[in-house]
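Q: Next up is a structure, given as structure tokens.
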């Protein structure tokens, strides 16, 4: 019998994820769409992650577990999943997050009928370490009823308050994500690299969000976001602000460079840059105007 061609690759990068990874694996194996491979890239975990993954691998031939003997960093682990993908479509799953059962079915259906689209995402439910609901996040600025010209410029703003970086966990066309993740910018930039990746994808095809919750995003004390912020908060205030300011400048410069070098029409480049930098100016002006109030408040305290 001829071997069935894999349609979707699910990349799961992990390091010491034993506490939550079983739930993540189950959420993939319970998908209503079943033609997928699950690539687990283990960055040298020292807990029971390996034992759990090998147990699951024995039960399901769609699982490909690769263990690296040492921790090679988060960027490497994500990139490795993309590199090993053979499906026509690709998505990431963090070891502590969950896919809703119809994630693949709904996103695949959308990409099949919308050839111009290269990345589709859904809304998110935020949960705590016990899986209890906290709140829902909606990506309403990037719906299908919003023109692509308006949607696209959202991917060139940083930092963003619209949770648009969740697009990084949507369903991609694999050739697009491989092209972007092969770019060496990722080895130089980790914080903000989600937006740096997304702005590159925005120059290659359309991206859209579906008004349906398709994933659960877990917040807990050992999550990468919490650990990163904890390390940053331990630094002196001046150093912390300098690091954040430097990061913002790096990402904004990178986004502008990507836009200018893209194949988009010159008038579109100017329109996006004008919109984005006007937003930055408004934000800067607002902070300047509020400065006297902040100083007054500090003096009173």
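Every read-out reported here was derived from the displayed coordinates using simple, explicitly stated rules and does not represent laboratory data. Quick caveat, the model's predicted, so the values are computed rather than measured. Cβ: placed from backbone, ideal geometry, glycine included. Neighbour counts: every protein chain shown.
Q: Regarding segment 82-220, what are the three Cα extents along the principal axes, ordered largest first, in Å?
A: 37, 35, 32
Q: A further question on this structure: Rounded to the nearest 10 degrees, what's the angle between the helix 103-113 long axis and the longest principal axis of the chain, both from Cα atoms, 0 to 90?
A: Result, in degrees: 80.
Q: Where does helix 237-261 land angle-wise versus the long Cα axis of the chain, in degrees 0 to 90, nearest 10?
A: Between the helix axis and the principal axis of the chain, the angle is about 70 degrees.
Q: Right, something else. Suppose a student asked you for the relative contact order of the chain, using Cα pairs under 8 Å spaced at least 6 residues apart; what percent would you report?
A: After rounding, I find 19 percent.
Q: Turning to a different aspect of this structure: Based on the inverse mean of 1/r over its pairs of different Cα atoms, what is the Kirkwood hydrodynamic radius of segment 46-162, in Å? Numbers along the way, then the final one.
A: Values: mean 1/r = 0.0567 Å⁻¹.
The Cα-based Kirkwood calculation yields 17.6 Å.
Q: Taking the inverse of the average 1/r across all pairs of different Cα atoms in the chain, what Kirkwood radius in Å do you get?
A: Across the chain, the inverse of the average 1/r is 20.7 Å.
Q: Would you mind putting 281-293, 255-267, 195-207 in packing order, based on average other-beta-carbon counts within 10 Å, highest first?
A: Output ranking for 281-293, 255-267, 195-207: 195-207, 255-267, 281-293.
Q: Let a ≥ b ≥ c be the square roots of the eigenvalues of the Cα gyration tensor of segment 71-131; is it rounded (a/c under 1.5), or, if not, prolate (a/b larger than b/c) or oblate?
A: Cα axes put segment 71-131 in the oblate bin.
Q: Give me the distance between the Cα centres of segment 229-283 and segment 105-134, rounded to whole Å.
A: The distance from the Cα centre of segment 229-283 to that of segment 105-134 comes to 26 Å.
Q: Restricting to Cα atoms and excluding each atom paired with itself, what does the Kirkwood estimate give for segment 208-301 in Å?
A: 17.5
Q: Round to the nearest 10 and give me the degree value, 0 to 90, for the angle of helix 224-233's Cα axis relative to the longest principal axis of the chain.
A: So the helix axis and the longest Cα principal axis differ by about 30 degrees.
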